[in-house]
Amino acid sequence: MEIILKQDMSNLGYKDELIKVKDGYANNYLIPQGYAMAATSSNKKIVAENLKQRSFKEDKVRKDAESLVALYSKIEGLKIGAKAGENGKIFGSVNAIQIADAIKTQFELEVDRRKIVLGDSIKTIGTYKATILVYKDIKSEISFDVVAE
């Protein structure tokens with residue numbers, strides 16, 4: 001029996017994918033649980049139209065994400081102040097919240113702190129790199145300096 005999946009299922013397929021399964025598996029489990037629908041001609045047309053609209057929206061979101069990457073690439077000379085001892089060791093550590101606040105105050109750009117990924121914990125003064133996850137596989141890398149206050 002041919003079915004169209006309504007959501008991603010491990011070892012079976014991805015959302016809106018047309019697959020063949022045994023009749024009993026489709027009629028007794030996948031369709032009643034709401035994981036799939038029968039692949040009738042009208043359902044196939046609906047899914048095809050949804051995929052077309054989703055790809056159009058996806059292209060728009062990707063273009064917006066690429067423009068954000070262009071904005072983030074202009075971030076240079078970002079400085080984050082931290083209290084430090086004489087040997088250059090910071091009291092505490094620098095985190096994504098501080099980086100997002102510094103970008104907002106110095107460059108007037110809004111960056112979600114949950115999208116900022118740091119490699120290791122930052123506990124000394126120096127130059128570091130962080131990655132901003134913009135959209136799925138689109139990322140932007142920024143460098144910043146941690147300075148003593």
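With contacts taken as Cα pairs under 8 Å at a separation of at least 6 residues, segment 2-62 carries a relative contact order of 32 percent. Evaluated with a Cβ-only charge set (Lys, Arg +1; Asp, Glu -1), segment 86-149 carries a dipole of roughly 260 debye about its Cα centre, given to the nearest 20.
The distance separating the Cα centre of segment 81-149 from that of segment 1-40 comes to 45 Å. When you count the other C-beta atoms within 10 angstrom of each residue and take the mean per peptide, 41-51, 62-72 line up highest first as 62-72, 41-51. Summary value for segment 70-148: 37 percent relative contact order, contacts being C-alpha pairs under 8 angstrom separated by 6+ residues. With the charge dipole of the chain set up from +1 on Lys and Arg Cβ and -1 on Asp and Glu Cβ about the Cα centre, the Cα lying farthest toward the positive end among the listed residues Ala65, Ile19, Gly77 is that of Ile19.
From the residues Tyr35, Ile122, Ile90, which one has its Cα farthest along the dipole of the chain in the positive direction, the dipole being from +1 and -1 charges on Cβ of Lys/Arg and Asp/Glu about the Cα centre? Towards the positive end, the residue furthest out is Tyr35. Give the angle, between 0 and 90 degrees and rounded to the nearest 10, that separates the Cα long axis of helix 96-107 from the longest principal axis of the Cα atoms of the chain. Taking the Cα atoms of the chain, the angle to 96-107 is about 70 degrees.
Of the labelled figures (1) 23.8, 73; (2) 14.3, 41; (3) 15.5, 48, only one reflects Rg and Dmax of the Cα atoms in Å as derived from the coordinates, namely (1). One way to sum up the overall shape of segment 2-62 is the equivalent ellipsoid from its Cα gyration tensor, whose semi-axes run 24, 13, 8 Å, largest first. For the chain, the relative contact order works out to 19 percent when only alpha carbon pairs closer than 8 Å and six or more residues apart are counted.
Calculated on the Cα set of segment 70-148, radius of gyration then Dmax: 12.4, 42 Å. Only the Cβ atoms of Lys and Arg (+1) and of Asp and Glu (-1) were treated as charged; on that basis the dipole of the chain about its Cα centre amounts to roughly 320 debye. Partner lysines whose Cα lies under 23 Å from the Cα of Lys44, excluding those fewer than 8 positions away in the same chain, are identified as Lys6, Lys15, Lys20, Lys22, Lys52, Lys57.
FYI, it's all coordinate maths here, none of it is from the lab. A quick note: this is a predicted structure, and the numbers were derived from the prediction, not measured. A quick note on method: Cβ atoms are made from the backbone with ideal geometry, for glycine too, and the neighbour counts reach across all protein chains shown.
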